[in-house]
Amino acid sequence: MKFRPITLMLLLALVLAACGGTATAEIQLVSASDAAGVLEDRASDVVLLDVRTPEEFNEVRVPGSINVDFYAADFASQLDNLAKDVPYVVYCRSGNRSGQTMDIMRDLGFSEVWDVDGGIISWNEAGLPLEN
């Protein structure tokens, strides 16, 4: 059986619609100042996630953050247990671990995540609040 191009396009559209469409998660790298703006604008529904070690977290952190240790053997499992339909702002020390965390969160189906470019170092350099 031979299909015309328009028929193939319609079939492809139907298949995509049946599979839930082509919606993608909103996962992006943002500056510390932009992340602070997200937290200020959406304070009631954003989770602030610190993926540094517990020792780093206990030394200094962004106020209101929760800690999930990137180096924990069950890190991906801990992330998988978090609500995936709420927005997250994620940071680490310099941006390396949080960048890797973005890939994991994308694979796990998180819908809205912002990664703080430069981590807590850039947060501090921007003069944004920290707590011990």
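Run through region 26-86 and list the trypsin sites (Lys or Arg not before Pro) located in a DSSP loop whose Cβ has at most 16 other Cβ atoms within 10 Å.
ARG42, LYS84
Relative to the present Cα-Cα distance, how much length would full extension add between LEU82 and ASP45 at 0.36 nm per residue of separation?
So the extension gain works out to 12.0 nm.
Sort 122-129, 94-101, 111-118 by the packing proxy (mean of other Cβ within 10 Å over each peptide's residues), most packed first.
My ranking of the peptides, most packed first, is 111-118, 94-101, 122-129.
Please report the net charge: other residues with Cβ closer than 14 Å to the Cβ of PHE57, K and R +1, D and E -1.
So the environment of PHE57 carries a net charge of -2.
Which net charge results for the neighbourhood of SER111, defined as the other residues with beta-carbon distances under 9 angstrom from its beta-carbon, given Lys and Arg at +1 and Asp and Glu at -1?
Spelling it out: positives minus negatives among the neighbours equals -2.
Using just the C-alpha positions of region 88-129 as equal point scatterers, what log10 of I(q)/I(0) does the Debye formula give at each q in 0.23, 0.26, 0.32 1/Å?
Ignoring solvent entirely, the Cα scatterers give -0.69, -0.81, -1.03.
FYI, it's all coordinate maths here, none of it is from the lab. None of the values given here were measured: they were computed from a predicted structure. Neighbour counts are summed over all protein chains in view; Cβ atoms, including those assigned to glycine, are modelled from backbone coordinates with ideal geometry.
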